[in-house]
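Have a look at the structure below, then the notes.
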Amino acid sequence: MKATGIIRKIDDLGRIVLPIELRRTLDVSTQDELEIYVVDDQIILQKHEPTCVFCNSRRGLVSYHGKTVCQECLAALREI
């Protein structure tokens, strides 16, 4: 992990501000979704990339009954 030298305080509601330099570098914009998870004693923020709920593919995604599904899995669902 690369250190940035940037320190931010957490406010009363548990929020932090991501500096504009980081948002630009990582192409994170207002309303983008971030995944938050913990690895050992580290909090990881990662830009959310939607995947198929069945095979985790990131190609040819569509919404099917409120779920993200790739074209291949959608075709397989239609055969059922």
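Per-structure values
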quantity: Fraction of the pair-distance distribution of the chain above 19 Å, Cα-Cα pairs, percent; calculated: 56
quantity: Heavy-atom SASA rank of 28, 38 (probe 1.4 Å, accessible area, largest first); calculated: 38, 28
quantity: The stretch 25-80: relative contact order as a whole-number percent, Cα under 8 Å and 6+ apart; calculated: 20
quantity: Förster radius 25 Å - calculated FRET efficiency between residue 44 and residue 12, Cβ distance, rounded to 0.05; calculated: 0.60
quantity: With DNA, RNA and ligands ignored, accessible area of residue 62 (1.4 Å probe; Å², nearest 10); calculated: 50
quantity: Mean accessible surface per residue for the chain, computed with a 1.4 Å probe while every protein chain stays in place, in Å²; calculated: 92
quantity: Exposure rank, largest accessible area first [68, 30; 1.4 Å]; calculated: 30, 68
quantity: Rg to Rh, two decimals, where the stretch 23-62 supplies the alpha carbon set and Rh follows Kirkwood; calculated: 1.05
quantity: List 52, 73, ordered by accessible area with a 1.4 Å probe, largest first; calculated: 73, 52
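The values are calculated or read from the model by the stated rules, or taken from the named source; none is laboratory data. This one's a predicted model, so the numbers in the text were calculated from it and none came from an experiment. Cβ sites come from the backbone with ideal geometry, for glycine too, and all protein chains shown count toward neighbours. Keep in mind that these areas ignore ligands, DNA and RNA; they rest on the heavy atoms of the full protein, side chains included. Shrake-Rupley method; radii C 1.70, N 1.55, O 1.52, S 1.80 Å.
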